[in-house]
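Asker: Take this structure first; my questions come after.
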Amino acid sequence: SQQGEEDPQALSIQEGENATMNCSYKTSINNLQWYRQNSGRGLVHLILIRSNEREKHSGRLRVTLDTSKKSSSLLITASRAADTASYFCATDASGANSKLTFGKGITLSVRP
Amino acid sequence: GAVVSQHPSWVICKSGTSVKIECRSLDFQATTMFWYRQFPKQSLMLMATSNEGSKATYEQGVEKDKFLINHASLTLSTLTVTSAHPEDSSFYICSAVGGSTDTQYFGPGTRLTVL
């Protein structure tokens, strides 16, 4: 069964705007990871946040994690047309030996 | 950063033939590799976990005799789709984990089309 559930499923914004994507999950986790996938390509790792962390930054990316609500958010600031892609959250559940369970993904379109 | 390659990037084959897909970690030793399948506009579904030198662990519903996985070295895992049928057409992606990091690094994927 799907562990991560992202919302919204599709997001369309104007270049320069911020994009916020949310992910909820069901079980205890070791960490939560966000990936980007361009159409027909492999996944690019964006950021990993551990269960004992609440917020992480990487360039224009900001990820938060609320383990009490079992949710995470990915914020992309000052979006660019090149950010157009599908974004997935994936959880590494406690005791899962690094197995990741992916959400359904969010399709982000950034209009130039 | 860690690099994972896959070969071939795409393959078209006739129904009933077998297809082998290679996954290599180029600049690190992968103690564990994972194989995923992704149908169009859907998420990744884990098929199996492969540890070097041991038998792969398959997820529920994945036929181990149809999807043969070999992880012969710390840098190479192979997935063989045996007696492929049109319903096996999909995007197959591998990932690798190694060293002290929890991060899974993904290959670019292999598009399999079975006619």
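Asker: Pick from B:T82, B:T57: which is more than 22 Å from B:V3 (Cα to Cα) and facing chain A (nearest Cβ under 10 Å)?
Answerer: Every option except B:T57 fails the conditions.
Asker: Could we say that B:I93 is among the β-branched types (V, I, T), under 18 Å from A:R41 (Cα atoms), assigned to a strand (DSSP E or B) and open to solvent by 70 Å² or more (accessible area, probe 1.4 Å) here? Spell out how you get there, then give the answer.
Answerer: Details: among the β-branched types (V, I, T): yes; under 18 Å from A:R41 (Cα atoms): yes; assigned to a strand (DSSP E or B): yes; open to solvent by 70 Å² or more (accessible area, probe 1.4 Å): no.
When the stated conditions are applied, B:I93 does not pass them.
Asker: Looking at the stretch A:52-67, can you tell me whether even one residue there is in contact (Cβ under 8 Å) with a residue 40 or more places away in the chain, under 13 Å from the mean Cα position of the chain (by Cα) and farther than 29 Å from B:A56 by Cα?
Answerer: Taking every residue of the stretch A:52-67 in turn, none turns out to be in contact (Cβ under 8 Å) with a residue 40 or more places away in the chain, under 13 Å from the mean Cα position of the chain (by Cα) and farther than 29 Å from B:A56 by Cα.
Asker: For the stretch B:40-69, which positions are open to solvent by less than 100 Å² (accessible area, probe 1.4 Å), modelled with pLDDT of 90 or more, farther than 22 Å from A:F88 by Cα and out of contact with any Leu (no Cβ under 9 Å at 6 or more places or on another chain)?
Answerer: Across the stretch B:40-69, the qualifying residues are B:T57, B:Y58, B:G61, B:K66.
Asker: Provide a single number: the residues in the stretch B:4-16 that are among the β-branched types (V, I, T) and surrounded by 13 or more Cβ atoms within 10 Å (Cβ to Cβ).
Answerer: Of the residues in that region, 2 qualify.
Asker: Of these, B:T113, B:T101, which one is modelled with pLDDT of 95 or more and either in a strand (DSSP E or B) or not aliphatic (A, V, I, L, M) (or both)?
Answerer: After applying the criteria, what remains is B:T113.
Asker: Also, quick follow-up: Give just the number: which of (1) more than 10 Å from chain B (Cβ to nearest Cβ); (2) free of Cβ contacts under 8 Å to residues at least 60 places away in the same chain; (3) surrounded by fewer than 20 Cβ atoms within 10 Å (Cβ to Cβ) does A:L74 not satisfy?
Answerer: Exception for A:L74: condition (3).
Asker: Give me the strands (runs of 3 or more DSSP E) completely within the stretch A:3-62, filtered to those with at least 3 residues that are within 11 Å of another protein chain (Cβ to nearest Cβ), ordered by residue number.
Answerer: A:29-37, A:43-50
The values are calculated or read from the model by the stated rules, or taken from the named source; none is laboratory data. What you see is a predicted model, and the numbers here were worked out from it, not measured in a lab. Note: ideal-geometry Cβ built from the backbone for every residue, glycine included; neighbour counts use all protein chains shown. Areas reflect the complete protein model, heavy atoms only, side chains present, ligands, DNA and RNA absent. Shrake-Rupley method; radii C 1.70, N 1.55, O 1.52, S 1.80 Å.
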